[in-house]
1. Compute the length gained on full extension between Ser100 and Ser75: take 0.36 nm times their separation in residues and subtract their Cα-Cα distance, giving the result in nm to one decimal.
2. In 5 Å bins starting at 0, how do the alpha-carbon pair distances of region 1-56 split up by percent?
3. Restricting things to Cα coordinates, could you compute the convex hull volume per residue of region 8-179 in Å³?
4. Only loop residues by DSSP count here, and only those with at most 11 other Cβ atoms within 10 Å; note down the GluC sites (Glu not before Pro) in region 15-52 that meet that.
5. Expressed as a whole number of Å, what is the distance separating the alpha-carbon centroids of region 91-144 and region 1-52?
6. Residue by residue through region 64-78, what is 3J(HN,Hα) from phi via Karplus (6.51 cos²θ - 1.76 cosθ + 1.60, θ = phi - 60°)? Round to whole Hz and write x for glycine and proline.
7. Ranked from highest to lowest mean number of other Cβ atoms within 10 Å per residue, what is the order of the peptides 15-24, 112-121, 132-141?
8. Could you calculate the FRET efficiency of Lys20 with Glu177 from 1/(1 + (r/R0)^6), where r is the beta carbon distance between them and R0 is 25 Å, rounded to 0.05?
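Nothing in this text is a laboratory measurement; each read-out follows from the coordinates by a stated rule. All figures in this text were calculated on a predicted structure; none of them were measured in a lab. Counting neighbours? That spans all protein chains shown, and the Cβs are built from the backbone with ideal geometry, glycine included.
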Amino acid sequence: MEVGALDLCEVADTDVMAGKGGQMVEGGGVADSGEEEGEESPGRTVMDECRWTFTPSGQGEASLDLWYTAFVNDSEKESKEEAAQGEFEEQLRRVEAGFSGLSGSGTSQNTKAEAEYFFGENPDGGADYVAVGKMKSGVFVATYTKSQKPEDIKREYEQVFREEVRALDIAISTEIERILPD
């Protein structure tokens, strides 16, 4: 894989957020260890994180934070698939522990990636819907945040979050399938 070929923030910005009036307010600077160490370097990773603000389905302003890391090459200690599985499990633990109160969680349905979701109150008192996904040897965390408390948000808003995650999952997973080597 060429250095700079995988940029999931750009994909999300172009393929998902642009159609929703989303504006990237932070991030979008890919860190590819292959730039310094070479494309075939052991343990090569690509990472980035970015944030948008947008108004989903006329429901008031929300934000989306996307974080991802992709393991491009095997390291000397483990395969890229093992590294991705370990990162996926670590992100699941980290995300679940980050809620003040968890309202729901489970396996994401109708997604291309292996994904789990969490919905509940964040430490600031707002509502978060977080999806942690793994596709090939790439791991991503998408966090949708609304300033209202989860109990103040109608059940259909959780459905809006799920639809947003599904659209993001399709765009990200398609790009990972296309770019990230097997």
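1. Numbers: separation 25, 0.36 × 25 = 9.00 nm, distance 3.62 nm.
Additional length available on full extension: 5.4 nm.
2. Answer for region 1-56: a P(r) of 4, 20, 24, 17, 13, 10, 7, 3, 1 percent.
3. On the way: hull volume 18.7 nm³, N = 172.
It comes to 109 Å³ per residue, whole-number rounded.
4. Working: sites: Glu26, Glu35, Glu36, Glu37, Glu39, Glu40, Glu49; in loops: Glu39, Glu40.
Loop-located and lightly packed - Glu40.
5. 20 Å
6. Ordered by residue, 3J(HN,Hα) equals 10, 10, 10, 10, 8, 9, 10, 9, 7, 10, 4, 8, 6, 8, 8 Hz.
7. Values: 15-24: 16.5, 112-121: 19.8, 132-141: 24.5.
Listed from highest to lowest mean packing, they are 132-141, 112-121, 15-24.
8. 0.60
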